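Okay, so here's the structure we're looking at.
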Amino acid sequence: MKKCLALIVMWATASAVAFAVTRPACTQGSIAVGQTIDNAWDAQDCVDNLGRIVDFWNFSAFAGEQLTVTVTFPDASLAPVILGLQRKSDGLVLEASGGSSPLVLTYTISETGDYYLAVNSSHASAVGSYTLTLAGTGACTTSDTVLCLRSGRYAVTADWQKSTGESGQGHAFTLTGDTGYFWFFDVSNVETVVKVLDGCALGGHRWVFASGLTNVQVTIRVTDTVNPADTKTYVNPQGVAFQPIQDTSALPCS
């Protein structure tokens, strides 16, 4: 059984004291920088040794990124809610905050790596809905037309144009932290899939791969939000079946 450390905060006075407890293996979620997730504490979630239901959200972040984490919840009886940021490798608690809605935690990442957020009510067995937002400076913000990949560092857009001259922006949908797709004309009809991979250890670049199920003109742009001058643009010509993109020297690793 895999074990890691979970954040528990005891409230005695006006301040909070944080300490760690061993958490049994249970389902963890994933969130990307620039993403907002609606969720709820329920009986199927992780439970700490004090009977408190805890949700864990994994994410990756890069050195120097300034994170702002916000939790909002409609049920005031859940307060104080506890929010903790922990290093995934050893469970070290880097920052913690507790209180009523909206609850905000800010932190500047010192080293690129994997982290997770622990979110729970201070009341045993408390259940209820909440909204979790993970934002970061130098990172893109997910929208209907913008796909945010690799911890929100890379903003991806896809513009289309028909042979008639009609044009528009693709609608973005996140699949994983490094992959997403765009639809153009119908939400049930996927047109292009894009992923940004970390190939730094294999040649010093981040890779851009894409494929498509269309023959309209498509312009894909991948922008490094930390270094906006590093932008790659890929164009599939009008009337040509989408040609796969396998760019293993797309973007620098700095």
Among the candidates VAL222, VAL194, VAL226, single out the residue that is within 15 Å of CYS140 (Cβ to Cβ), at pLDDT below 95 and not acidic (Asp, Glu). VAL226
I'd like to know if region 140-156 contains one or more residues that are of a type in the set (Phe, Trp, Tyr), surrounded by fewer than 24 Cβ atoms within 10 Å (Cβ to Cβ) and closer than 20 Å to VAL196 by Cα. no
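Of all residues in region 132-172, how many are charged (D, E, K, R) and within 17 Å of THR231 (Cβ to Cβ)?
Selection size over region 132-172: 3.
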Only residues in region 47-59 that are surrounded by fewer than 18 Cβ atoms within 10 Å (Cβ to Cβ) count as the first member; pair them with residues that are of a type in the set (D, E, K, R), Cβ under 7 angstrom, at least 6 apart or cross-chain, and list the lot. ASN58/LYS88; ASN58/ASP114
Filter pass, THR131 being at pLDDT 95 or above, within 17 Å of GLN35 (Cα to Cα) and touching a Pro at 6+ places or on another chain (Cβ under 8 Å): no
Considering only strands (runs of 3 or more DSSP E) wholly within region 153-248, the ones with at least 3 residues that are not polar (S, T, N, Q) are 154-161, 171-174, 179-183, 190-199, 205-212, 217-224, 231-236
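The values are calculated or read from the model by the stated rules, or taken from the named source; none is laboratory data. Every value quoted in this text rests on a predicted model; they were computed, and no experiment measured them. Every residue, glycine among them, receives a Cβ derived from its backbone with ideal geometry; neighbour counts consider all protein chains shown.
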